[in-house]
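Below: the structure, in structure tokens.
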Amino acid sequence: MLGFVGRRLASGVVLVFAITTLAFLLLYVGSGDIARRILGQTATQEQVAAKAAELGLDRPLWEQYVGWLGNALTGDLGRSWFSGQLVVDGVTNRLMVTLSLVLGATIITAVVAVVLGVWAALAGGWVDRIIQFLTVLGMAVPGFLIAVGLVLVFAINLGWFSATGYTAIAEGLGPWARSVTLPIVALSIGGASAVTQQIRGSVVDALQRDYVRTLRSRGLSTRSVVFKHVLRNAVGPALAVLNVQFVGMLGGAVIVEQVFQMPGLGQLAVGATTQGDIPIVMGLVVATAVIVIVVNLVIDVAQGLLNPKVRLA
């Protein structure tokens, strides 16, 4: 298992390097006259040239990248070109907001998908058809429409939850829960629908296998067969889908945070991209890549524990 984890970590490091290199090249090549954008159109050519030299933009692109990479390896991702804030501080201050939404949505997705997927596979008939219809509907409706609908119904009309803003958990569990419940639900509906379909299909397929019929012939109850044997085989493919959904939720958080006005990475990404604040964008690229790779590693380890063939592969 240690060798398995080591290989995954090594591939993760290579992937982070490749992602950051490509992002750096694309951002800087297509950035245009950054110094002019920072200073404004009224700045003189001499001021623009001085600003470009201050930011190191007058150096060759490869030299800029080597300098950025060397600093990044020491934990220094630079400063925002517009606010002067350290990139590390700007990202970490907002990281917990986005992680609380995405991790919460992932947990809700996993729980709901297991319950509905197993229920649909075992019940069949109209229960199965209704659950399949709901999951298809959940995957078809855009996330921002779900978010807006949740705000209108549960925040504005009923007043049960906060419509906008984020309350830190340090200020109280109740206020924090009121501020994150609707965004988490909005993020999790699409993912839960996809994972439910996967679990249902895997459970239906497993129930038709010879080993399940053998277990039943020995007098084991359906509950024992499903939860001790069938789910073990069904969880592997479901984890792969959940992994993909997690990455999708990170992207969906950009829209959800805009709808609910939450100060997370998504809101920071929109602002930095609009301004052309490349150091902030690069910090977000690094943070997102590391989060995705860590989650991939956790999923791979879980699959390896459930299925030794994965470790061999």
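Open to solvent by less than 40 Å² (accessible area, probe 1.4 Å), without any contact (Cβ under 8 Å) to a residue 24 or more places away in the chain and under 30 Å from LEU231 (Cα atoms) - does that describe any residue in segment 126-134?
Yes; the residues of segment 126-134 include at least one that is open to solvent by less than 40 Å² (accessible area, probe 1.4 Å), without any contact (Cβ under 8 Å) to a residue 24 or more places away in the chain and under 30 Å from LEU231 (Cα atoms).
Can you run down the residue pairs with Cβ atoms below 6 Å, 6 or more apart or on separate chains, where the first is in segment 60-85 and touching a residue at least 60 places away in the same chain (Cβ under 8 Å) and the partner is part of a loop (DSSP other than H, G, I, E, B)?
Pairs found: SER80/ASP277; TRP81/ASP277; PHE82/ASP277.
Considering only segment 52-142, give the helices (runs of 4 or more DSSP H) lying wholly within it that have at least 3 residues that are within 30 Å of VAL180 (Cα to Cα) and modelled with pLDDT of 85 or more.
87-123, 125-140
Search segment 180-217 for residues being among the hydroxyl-bearing types (Ser, Thr, Tyr) and modelled with pLDDT of 85 or more, and hand back the single one that is farthest from GLY125 (Cα to Cα).
The selected residue is THR181.
Hey, among LEU250, LEU231, which residue is open to solvent by less than 30 Å² (accessible area, probe 1.4 Å), farther than 20 Å from GLY124 by Cα, part of a helix (DSSP H, G or I) and not basic (Lys, Arg)?
Going through LEU250, LEU231 in turn, just one is open to solvent by less than 30 Å² (accessible area, probe 1.4 Å), farther than 20 Å from GLY124 by Cα, part of a helix (DSSP H, G or I) and not basic (Lys, Arg): LEU250.
Please verify whether segment 152-166 includes one or more residues that are in a helix (DSSP H, G or I), crowded, with 17+ Cβ neighbours inside 10 Å, touching a helix residue (DSSP H, G or I) at 6+ places or on another chain (Cβ under 6 Å) and modelled with pLDDT under 85.
Looking for residues that are in a helix (DSSP H, G or I), crowded, with 17+ Cβ neighbours inside 10 Å, touching a helix residue (DSSP H, G or I) at 6+ places or on another chain (Cβ under 6 Å) and modelled with pLDDT under 85, one finds none in segment 152-166, hence no.
So, in segment 210-228, how many residues would count as being assigned to a loop (DSSP other than H, G, I, E, B) and surrounded by 13 or more Cβ atoms within 10 Å (Cβ to Cβ)?
Of the residues in that region, 1 qualify.
Could you say which residue among LEU122, LEU207, LEU187 is surrounded by 15 or more Cβ atoms within 10 Å (Cβ to Cβ) and closer than 15 Å to ALA253 by Cα?
Every option except LEU187 fails the conditions.
Counting just the residues of segment 100-134 that are among the small types (Gly, Ala, Ser) and within 21 Å of the chain's Cα centre (by Cα), which one comes out nearest to VAL185 (Cα to Cα)?
Among those residues, the one meeting the criterion is ALA105.
Go through (1) closer than 27 Å to ALA302 by Cβ; (2) at pLDDT below 80 and name the single condition GLN245 misses.
(2)
Can you list residue pairs whose Cβ atoms sit under 9 Å apart, with the first residue in segment 288-313 being of a type in the set (Lys, Arg) and the second being modelled with pLDDT under 75 and assigned to a helix (DSSP H, G or I)? Count only pairs 6 or more apart in sequence or on different chains.
Once the first residue is of a type in the set (Lys, Arg) and sits in segment 288-313, its partners that are modelled with pLDDT under 75 and assigned to a helix (DSSP H, G or I) give ARG311/GLY3; ARG311/PHE4; ARG311/GLN303; ARG311/GLY304; ARG311/LEU305.
Can ILE38 be described as part of a helix (DSSP H, G or I) and either modelled with pLDDT of 85 or more or within 30 Å of LYS228 (Cα to Cα) (or both)?
No; evaluated as a whole, the condition is false for this residue.
Could you count how many residues in segment 167-184 are surrounded by 13 or more Cβ atoms within 10 Å (Cβ to Cβ) and of a type in the set (D, E, K, R)?
1
Which of the residues spanning segment 135-151 are open to solvent by less than 70 Å² (accessible area, probe 1.4 Å) and either more than 14 Å from SER188 (Cβ to Cβ) or hydroxyl-bearing (Ser, Thr, Tyr) (or both)?
THR135, PRO142, VAL148, GLY149, VAL151
For segment 64-118, give me each residue that is open to solvent by 70 Å² or more (accessible area, probe 1.4 Å) and either at positive phi or of a type in the set (A, V, I, L, M, F, W, C) (or both).
Within segment 64-118, VAL66, LEU73, PHE82, MET96, LEU103, ILE107, ILE108, VAL111, VAL115 meet the criteria.
Considering only residues that are over 21 Å from THR21 (Cβ atoms) and of a type in the set (Lys, Arg), which ones fall in segment 46-78?
Hit for segment 46-78 is LYS51, nothing else.
The values are calculated or read from the model by the stated rules, or taken from the named source; none is laboratory data. Everything quoted here is computed from the prediction, not taken from an experiment. Cβ coordinates were reconstructed from backbone atoms using ideal geometry, including for glycine residues, and neighbour counts include every protein chain displayed. These accessible areas exclude ligands, DNA and RNA; they are computed on the full protein's heavy atoms, side chains included. Shrake-Rupley method; radii C 1.70, N 1.55, O 1.52, S 1.80 Å.
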